[in-house]
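Enquirer: Here it is, the structure in full.
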Amino acid sequence: MRIDKWLWAARFYKTRSRAKNAVVAGKIIVNGERCKASKDVKVGDSIDIRMKAGRIVVIVRQLNANRGSATIAQEMYEETEASKAERTRQRERDPNDLYIATAKHAKPDKAERRKLARLKQRGHL
């Protein structure tokens, strides 16, 4: 099965063309190597996926050419423990990162001021 079709069926991308563009851009690494969109994926292959949300490393468990429900898609792969830990660590970032994100503006907008106020009330700042 082609890597772009598998990524689409596993619901990492909404369309096959987006999956293909990600492969061509080098955001998908199969077994430690960059690949083409026509690369055949086999059960047991390791796939490193770099997306806006972060980096996900999965092991292929099933090959299914049809795009099904999310529960079926989740059975097609297994995320590695290291990848899970990294995503958890990114979610639990320091609250001060909010201030760093707003530093690009001259001053925070209304929504950012409310977020900062909530953090101050909780004692994080």
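The values are calculated or read from the model by the stated rules, or taken from the named source; none is laboratory data. Being a predicted model, the structure only gives us computed values, none of them experimental. All Cβ positions, even for glycine, are placed from backbone atoms using ideal geometry, and neighbour counts span all protein chains on display. Just the protein is used for accessible areas: all its heavy atoms, side chains included, with ligands, DNA and RNA removed. Shrake-Rupley method; radii C 1.70, N 1.55, O 1.52, S 1.80 Å.
Enquirer: Taking N21 as the residue in question, decide whether it is open to solvent by 80 Å² or more (accessible area, probe 1.4 Å), out of contact with any Cys (no Cβ under 6 Å at 6 or more places or on another chain) and touching a residue at least 24 places away in the same chain (Cβ under 8 Å).
Expert: no
Enquirer: Would you call V60 open to solvent by less than 70 Å² (accessible area, probe 1.4 Å), closer than 24 Å to K84 by Cβ and not basic (K, R)?
Expert: In short, yes.
Enquirer: Sticking with this structure for a sec: Report yes if K27 is in contact (Cβ under 8 Å) with a residue 24 or more places away in the chain and among the charged types (D, E, K, R), otherwise no.
Expert: yes
For every residue, the table says whether it meets (1) part of a strand (DSSP E or B); (2) in contact with a helix residue (DSSP H, G or I) (Cβ under 8 Å, 6 or more places away or on another chain).
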residue	(1), (2)
W8	no, yes
F12	no, yes
V23	no, yes
G26	no, no
K36	no, yes
I49	yes, yes
R55	yes, yes
L63	no, yes
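Enquirer: Right, next: When residues of the range 37-57 are filtered for being loosely packed, with under 13 Cβ neighbours inside 10 Å and modelled with pLDDT of 90 or more, how many remain?
Expert: The total comes to 5.
Enquirer: Only residues that are at pLDDT 70 or above and among the aliphatic types (A, V, I, L, M): list them for the range 60-106, please.
Expert: V60, L63, A65, A70, I72, A73, M76, A82, A85, A106
Enquirer: Another question about this same structure. Name the pairs whose Cβ atoms lie under 8 Å apart, with the first residue in the range 58-79 and more than 16 Å from T15 (Cβ to Cβ), the second assigned to a helix (DSSP H, G or I) and of a type in the set (F, W, Y), and 6 or more positions between them or separate chains?
Expert: V60/W6; L63/W6; M76/W6
Enquirer: Here's a follow-up. Where the second residue is surrounded by fewer than 16 Cβ atoms within 10 Å (Cβ to Cβ) and the first is small (G, A, S) and lies in the range 2-18, which pairs have Cβ atoms under 7 Å and are six or more apart or on separate chains?
Expert: Cβ pairs passing all conditions: A9/N64; A9/A65; A9/N66; A9/R67.
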